[in-house]
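Encoded as structure tokens, the structure appears first; notes follow it.
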Amino acid sequence: MINKKFNKKGDIEISTIMKTIIVVAVVSIVFIGIIFFPSKAFGFLPNYAPGEDELIRVSETTPIQPFVGDIELEKLEKVISSSKGIIVTNNKIKSCACGINCDNYANAIKQISEEDKVDPLLILSMMIQESDCKVSSEVTGSVGLIQISLKDHCGNYGLDANIEKCRTQLLDPKTNFDVGIKILNEKYKALGTRHPMGNKLYCNNKPCSVKFENGTYYYEFQGCGKRNQYYSGWDAALRGYNGWSCNRNLPAQDYYVDNIRLIHKKLKENAEEN
């Protein structure tokens, strides 16, 4: 039982114990709010909920179906030069701003696709999504046409361990494609086949959920907007290439796979028309 103490005005004073209990309770509530509702607790943290257009467009995307058949170099050059005004999620526009380099990129893509047995239109889709075909593009420490992470990959795949020398290497289109597609192929072998990653794959610092249906493993992705989705095949490889957790610096990356699906679909249409 707590003893009541009156001040000079006759009001009840709150004891030191009660004050301590109240302070602890308030601090606990604030702490819980920060942990479970960070976007509400801090206005500067994004609370990403896709808009109506975004939801409609994402729902229309379908898993990557690699282009079947050989694409001649001349056709690939035409597809690259005509890759303009492609609408992706949130009604953003993606284009290939290759300028005088279109033919050089086509040659490099053709060579890498044959060496590593990867759909050339998938490589082109990645280049459009990652850099808009701008060879000197650099975003948050990732460099070049398909954005290779300096921190994660310098010193590997034949790249120099020195960051500046590595950056220079990755500004070469052929080297950038070569390293990027090797990484993508590794992700495909780990995630796009029947070999499960199990608890080795983490979503926001905890093991991702894995489903097995009709002989295929599906891996869960949890983005900044809590868009829990399951990916398999090349979609899982692309998600692995970009990352499995929320990137609060670039929350729009939640839609990385959806964007590449839309770009790839458009490029296949262009290839069939040409």
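First measure r as the distance between the Cβ atoms of Lys211 and Asn247, then evaluate 1/(1 + (r/R0)^6) with R0 = 35 Å and state the FRET efficiency to the nearest 0.05. Write down the numbers at each step before the final one.
Details: r = 24 Å, r/R0 = 0.68.
Using R0 = 35 Å, I get an efficiency of 0.90.
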Two-site label geometry, Lys134 and Asn162: point separation in nm, points 7 Å out along Cα→Cβ: 2.8
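Expressed in nm to one decimal, what extension gain is obtained for the pair Ser149 and Glu114 from 0.36 nm per residue of sequence separation less their Cα-Cα distance? Walk me through the numbers before you get to the answer.
On the way: separation 35, 0.36 × 35 = 12.60 nm, distance 2.41 nm.
Contour length minus Cα-Cα distance gives 10.2 nm.
Strictly over 25 Å apart at the Cα level, which of Lys75/Lys187; Lys78/Lys134; Lys84/Lys134; Lys134/Lys182; Lys206/Lys268; Lys211/Lys266 would you flag in this model? Could the numbers behind the result be given before it?
On the way: Lys75/Lys187 28 Å; Lys78/Lys134 18 Å; Lys84/Lys134 14 Å; Lys134/Lys182 20 Å; Lys206/Lys268 37 Å; Lys211/Lys266 30 Å.
Going by Cα-Cα distance, Lys75/Lys187; Lys206/Lys268; Lys211/Lys266 fall outside the 25 Å limit.
Got a sec? How would Thr89, Thr62, Thr216 order by Cβ neighbour count within 10 Å, fewest to most? Kindly include the intermediate steps, with their values, before the conclusion.
Values: Thr89 22, Thr62 10, Thr216 13.
By the 10 Å Cβ count, ascending: Thr62, Thr216, Thr89.
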Part-to-part distance (alpha-carbon centres) for region 105-184 and region 217-258, which is given in Å: 20
Rounded D (µm²/s) - region 70-118, Kirkwood Rh over Cα pairs, Stokes-Einstein at 4 °C, 1.567 mPa s: 110
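Bear in mind these aren't lab numbers, they're just calculated from the coordinates by the rules spelled out. Here the structure is a predicted model, which is why all the values come from computation and not from measurement. Heads up, the Cβs are rebuilt from the backbone with ideal geometry, glycines too, and the neighbour counts pull from every protein chain shown.
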